[in-house]
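The values are calculated or read from the model by the stated rules, or taken from the named source; none is laboratory data. Since this is a predicted model, take the numbers as computed values, not measurements. Every residue, glycine as well, gets a Cβ built from its backbone with ideal geometry; the counts of neighbours run over all protein chains shown. Please note that ligands, DNA and RNA were not included when accessible areas were found on the heavy atoms of the full protein model with its side chains. Shrake-Rupley method; radii C 1.70, N 1.55, O 1.52, S 1.80 Å.
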Amino acid sequence: GANDLRMVREGKDGGSLESYGKNITAMVELAKSRGVNVILITTTHTPKNTEIVPYNEFLRKYAKKNNIILADVNKAYHEVLLRPPPSDFAGDPDRRLLADGVHPNQDGQTLIAKVILLALGVPPGDMPKIEKEWMENPRGKGVKLGNTDGANDYVYLTRNQYDAVERIAKTQHKDARGIIKDMWK
């Protein structure tokens, strides 16, 4: 995954493709020996991050050869990122599923969840109902308040609520999290 890519960039042996393959194989074999059903998930990096290609290819071949479920998140990310971004999107189009260039944002997390559910056999026709429940979950989006007293540091909203605040924030050229923090105070 992303940490292996970082190790490759830093020249550390643990990040080599050979080490990665050995580690994946050992983890899968150990899990299977303990009766665990394994699912492998490709990493989420963008089309510009070509260094991860051999790692994802290893996972694809390994999963096929060993009859292991594969959630090809990388393929799903690429399918989204190869389409033009929405007209109101600002920023690097290759980062539209990532919060910080590495970690998935809400859209990226949702796409990962969909790919995993589909790989596990959830019928595509069930996705609208599942997505509706995600959007209406009262703890669907946490916003860190930044309290220093150690108390509950988050306020939770549904994704629908958060998205509504985000739309308002865009019209005011503000940050949705900042608006929520101000409202909470």
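Have a look at VAL143, VAL28, VAL53 and tell me which one the Gaussian network model of the chain (Cα, springs below 10 Å) gives the largest fluctuation.
VAL143
For mean projected area of the Cα convex hull in nm², which listed value, (1) 10.7; (2) 13.1; (3) 13.9, comes from the coordinates shown?
Matching the structure shown: (3).
How big is the gap, in Å, between the Cα center of the range 26-104 and the Cα center of the range 151-185?
With the range 26-104 and the range 151-185 each reduced to a Cα centre, they are spaced 30 Å.
Return the distance in nm (one decimal) between the two label points of a simple spin-label model at ASN66 and ASP92, each offset 7 Å from Cα along Cα→Cβ.
With each label placed 7 Å out from Cα toward Cβ, I get 3.2 nm.
How would you classify the range 45-121 from its alpha-carbon gyration tensor, with a ≥ b ≥ c the square roots of the eigenvalues: rounded for a/c under 1.5, else prolate if a/b is greater than b/c, otherwise oblate? Show your work: numbers first, answer last.
Details: a/c = 2.51, a/b = 1.67, b/c = 1.50.
Prolate.
Under the rule of -39500 (n - 2.57) per DSSP H run of 4 or more residues, summed and divided by the residues of the chain, what mean residue ellipticity at 222 nm is obtained, to the nearest 500 deg cm²/dmol? Present the calculation step by step, with values, prior to reporting the outcome.
Values: 8 runs with 93 residues, N = 185.
After summing the helix terms and dividing by residue count, I get -15500 deg cm²/dmol.
What order do TYR77, TYR62 take when sorted by accessible area (1.4 Å probe), most exposed first? Don't jump to the answer; show the numbers that get you there.
On the way: TYR77 0, TYR62 30 Å².
These residues rank, largest area first, as TYR62, TYR77.
Report in % the part of the accessible area of the range 51-91 that belongs to carbon and sulfur, leaving out ligands and nucleic acids; probe 1.4 Å.
On the way: 1470 of 2590 Å².
Carbon-and-sulfur percentage of accessible area, whole number: 57.
Within the range 112-130, name every residue whose backbone N is under 19 Å away from a label modeled 7 Å from Cα of LYS32 along the Cβ vector.
120
What distance in nm separates the two pseudo spin-label positions at ALA164 and GLU133, each 7 Å out from Cα along the beta-carbon direction?
2.3 nm
To the nearest 10 Å², what's VAL36's accessible area with a 1.4 Å probe?
Here the residue's solvent-accessible area equals roughly 80 Å².
Where both partners of a DSSP beta bridge lie in the chain, what percent of those bridges are antiparallel, to the nearest 5? Could the numbers behind the result be given before it?
Numbers: 5 of 8 bridges.
The answer is about 60 percent antiparallel.
Which residue, LYS61, LYS48, LYS170, tops the fluctuation ranking in a GNM of the chain built on C-alpha contacts under 10 Å?
LYS170
Under a 1.4 Å probe, what is the accessible area of the range 23-99 per residue, stated in Å²?
On the way: 4730 Å² over 77 residues.
Per residue, the range 23-99 has an accessible area of 61 Å².
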